[in-house]
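Working notes, structure below.
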Amino acid sequence: MASHLNPPLKTRGEPFYSQHMQFQRGKGKTKTRKVQRRAKLKFRHIFFYLLIIGGIFYSVQKSYLFLISWDNLEVKDMIVVCRNSEVKEEIQQNLENINVGNILLFDIAHLQEELAAHRWIKEVRIRKIFPSTLRIEIKDRTPLALLKRENLYLIDEEGIHLERIESREKLDLPLLVDSNNFKKDYKEKLELAWECLRSLSLSEKEQLDVLDLSEYENITVQLKKKKTKLILGNDQFSQKLKAFQKYSVRLGKFGSLEYADLRFPDRFIIKPKKNPYKSAIPKSNREAN
C-alpha cells in the first residue's frame, strides 16, 4: 500500500505562528506595592530626643565631676627611674614638695619641661599608671671631658656645663683647652674633639691627657706619659698616634721633643726641646767639646 511521506499542503496542520496566544495570570497571589507615607515629626518626638540628649550630657558631666574628685585617683606614688643616683635623689626631694592632685587633671608636659631644665637631665618621659602612680624615666647626661674656660667644668657631648670642678686629679677624662677660652667656634671645636675621641680605641683614649683646640680645624694632643705635643690636624687621628708610637724609639735619639707635627703623610716634623744643661755651659767650652 502506497503512502506519502510528504502529505499535500492542504492536509498539513496550521503553522505554529498562526495559533492564537492566550495570556493567563499565575496561580499565586500577586504582590502589590504599598505607597509609603512620610512620617511627620511632631513636637513630642523632638522633646523626647532632646530629653535623651540632655540626659546623656548630664550623666557625662556627673561622671566627670565624680572622677576628678575621687580620692582613689589622687596621685600617691611617683616612681623615679635614673641611673645617676645623685640626680635621682635630688629629683625625688624636689617632687616631695609638689602637690600633683588628681591624675586625670595632671599636666605631664609642664612637669617634663621643668625637669628637662635640670643641667644633668637630657630627656624625660612621664607616664600615668592608673589609678594613682606616675612613672618618671630620666635619661641623664654623660660627662665626656673637662673643659678649661677660666674655670674647670664637666661637659657632655652637647657642651653643657654640668658641674664646676676644683681639681681634675680624681677624674680620668681628657682636658679640652683653648688659648682664647672657646670664645669663638665653640661648637665646631667640640665636634672636632668628639670626632677625634670616637676614632680612638679605648687604650688610645686612656693615653690622652690634653686636647688643645686653639687652632681652627686642628687638634694638638698631649699624652700622659710623654709631654711631647702631637699636632694631628683634623683627620686620621688613630693612624697618626700609632705611627708616632711606632717610630718613638728612633725619635728618642733627638732627646725630648717639644712637638711632633704629624699632619703630613709619611713625614714627621719635630722640634727638640732645648737642653738646659747644654745652654748652661759656656760657649767656648761647648765648642771645645
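Identification of strands (runs of 3 or more DSSP E) wholly contained in the stretch 78-161 with 1 or more residues that are over 30 Å from Lys205 (Cβ atoms) yields 121-129, 133-140.
When the residues of the stretch 121-141 are filtered to those that are in contact with a helix residue (DSSP H, G or I) (Cβ under 7 Å, 6 or more places away or on another chain) and under 13 Å from Leu104 (Cβ atoms), the one that is surrounded by the most Cβ atoms within 10 Å (Cβ to Cβ) is Ser132. Note on the stretch 120-149: residues that are of a type in the set (Lys, Arg) and under 30 Å from Ser167 (Cβ atoms) total 5. Just checking, does the stretch 70-81 include any residue being aromatic (Phe, Trp, Tyr) and in contact with a helix residue (DSSP H, G or I) (Cβ under 8 Å, 6 or more places away or on another chain)? No, there is no match, as no residue in the stretch 70-81 is aromatic (Phe, Trp, Tyr) and in contact with a helix residue (DSSP H, G or I) (Cβ under 8 Å, 6 or more places away or on another chain).
The set of residues from the stretch 72-93 being of a type outside the set (Asp, Glu) and either over 18 Å from Thr133 (Cβ atoms) or surrounded by fewer than 12 Cβ atoms within 10 Å (Cβ to Cβ) (or both) comprises Asn72, Val81, Arg83, Asn84, Ser85, Val87, Gln93. Scanning the stretch 255-281 for residues that are part of a helix (DSSP H, G or I) and either surrounded by 13 or more Cβ atoms within 10 Å (Cβ to Cβ) or modelled with pLDDT of 90 or more (or both) yields a count of 0.
The values are calculated or read from the model by the stated rules, or taken from the named source; none is laboratory data. Small disclaimer: the values here were computed from a predicted structure and weren't measured. Glycine also receives a Cβ, built like all others from the backbone with ideal geometry; neighbour counts cover every protein chain displayed.
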